[in-house]
Amino acid sequence: MEETNPASILQQISKFEEEKFPPVHLWNPPLCENVEMKIDRNGRWYFMNSPIGRERMVKLFSKVLRLDKDGEYYLVTPVEKIRIEVEERPFVIIDYQLSYEEGEQVISFETNIGDVFTLDGNHPIQVEINPKTGEPKPYVLVRSNLEGLISRNIYYKLIEISELKKIATKEVLVLRSHKKDFEIGYL
């Protein structure tokens, strides 16, 4: 059997068009267990405890990333599946853009690997509160069932552009995008 390394994985997935996402949800190859891969909480990728420095490689790997029902993340190709440890979430939101379409506010996010998407019903925000510290951890659905952690500085910028609304008995910070409200915090 051929040794699994970043180049062999890259060779398998580079056959797909760079702009499109391969149908990883349809593939069920055997698990390759001799490979250690990790995405740290800052969105840095590692292979066998060494950082992956090539951005193109990381971008291609991210296109075959899948979160399975067992709660584990995998890189999936037609011929093998590799478990990948994810410390927080696989993506980090590093920037946002505010624009207007037909007079309606639209918020777009950019991930650490350069994917851009808009905050909408298919990409909602969820904010988890740490019960011990009270600190918010904001996440947004990037694609499929893969989330991105909204970096702290972007989260605070989003708070600045949010509106305060009274919902029931609570004062809620709300972002509006694509004619939809997204709760991002409470006062």
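Can you name every residue in the range 44-62 that is of a type outside the set (Ser, Thr, Tyr) and under 22 Å from SER151 (Cβ atoms)? Even if it seems obvious, please write down each step before you answer.
Within the range 44-62, the first condition is being of a type outside the set (Ser, Thr, Tyr), and the residues that meet it are 44-45, 47-49, 51-61.
Selection gives ARG44, TRP45, PRO51, ILE52, GLY53, GLU55, VAL58, LYS59, PHE61.
For the range 68-90, state whether one or more residues are closer than 29 Å to HIS178 by Cα, in contact with a strand residue (DSSP E or B) (Cβ under 6 Å, 6 or more places away or on another chain) and part of a strand (DSSP E or B).
Within the range 68-90, the first condition is being closer than 29 Å to HIS178 by Cα, and the residues that meet it are 88-90.
With in contact with a strand residue (DSSP E or B) (Cβ under 6 Å, 6 or more places away or on another chain) added as a condition, the list becomes 88-90.
Filter again for part of a strand (DSSP E or B), leaving none.
No, that holds for no residue.
Is one or more of the residues making up the range 142-161 assigned to a loop (DSSP other than H, G, I, E, B), farther than 27 Å from MET57 by Cα and either in contact with a Gly (Cβ under 7 Å, 6 or more places away or on another chain) or among the polar types (S, T, N, Q) (or both)? Checked against the condition, which is being assigned to a loop (DSSP other than H, G, I, E, B), farther than 27 Å from MET57 by Cα and either in contact with a Gly (Cβ under 7 Å, 6 or more places away or on another chain) or among the polar types (S, T, N, Q) (or both), the range 142-161 yields no hits at all.
Here LEU173 qualifies as surrounded by 15 or more Cβ atoms within 10 Å (Cβ to Cβ) and over 23 Å from PRO90 (Cα atoms). Just one of the numbered conditions (1) without any contact (Cβ under 8 Å) to a residue 60 or more places away in the chain; (2) touching a Gly at 6+ places or on another chain (Cβ under 8 Å); (3) buried (at least 21 other Cβ atoms within 10 Å of the Cβ) is not true of ASN112: (1).
Keeping to the range 50-66, report how many residues are of a type outside the set (Val, Ile, Thr), assigned to a helix (DSSP H, G or I) and surrounded by 19 or more Cβ atoms within 10 Å (Cβ to Cβ). So the count comes out to 4. Any residue in the range 5-27 that is at pLDDT 90 or above, of a type in the set (S, T, N, Q) and not assigned by TED's automatic domain parsing to the domain that holds GLY148? No, the range 5-27 contains no residue that is at pLDDT 90 or above, of a type in the set (S, T, N, Q) and not assigned by TED's automatic domain parsing to the domain that holds GLY148. Note on the range 98-123: residues that are over 21 Å from GLY185 (Cβ atoms) and outside any loop (DSSP other than H, G, I, E, B) amount to 8. Taking each residue of the range 78-95 that is closer than 15 Å to LEU146 by Cα and looking for partners that are of a type in the set (S, T, N, Q) and surrounded by fewer than 20 Cβ atoms within 10 Å (Cβ to Cβ) with beta-carbon atoms closer than 7 Å, six or more apart or interchain, yields VAL92/ASN42; VAL92/SER151; ILE93/SER151.
Note on the range 43-60: residues that are within 17 Å of the chain's Cα centre (by Cα) and modelled with pLDDT of 95 or more total 4.
Here is a list of conditions, (1) over 23 Å from VAL58 (Cα atoms); (2) part of a strand (DSSP E or B), and LYS132 meets all of them except one; can you say which number that is? Here LYS132 meets the rest and fails (2). Based on what the data block shows, is GLN126 in a strand (DSSP E or B), among the polar types (S, T, N, Q) and touching a residue at least 60 places away in the same chain (Cβ under 8 Å)? For GLN126, the condition - in a strand (DSSP E or B), among the polar types (S, T, N, Q) and touching a residue at least 60 places away in the same chain (Cβ under 8 Å) - is not met. Of the residues making up the range 20-49, those that are of a type in the set (Lys, Arg), surrounded by 11 or more Cβ atoms within 10 Å (Cβ to Cβ) and assigned to a loop (DSSP other than H, G, I, E, B) are ARG41, ARG44. Among the conditions (1) at pLDDT below 95; (2) surrounded by fewer than 14 Cβ atoms within 10 Å (Cβ to Cβ); (3) more than 24 Å from PRO22 (Cβ to Cβ), the only one that PRO136 does not satisfy is (2).
The values are calculated or read from the model by the stated rules, or taken from the named source; none is laboratory data. Only a predicted model underlies this, so the values are computations on that prediction, with no experimental measurement involved. Heads up, the Cβs are rebuilt from the backbone with ideal geometry, glycines too, and the neighbour counts pull from every protein chain shown.
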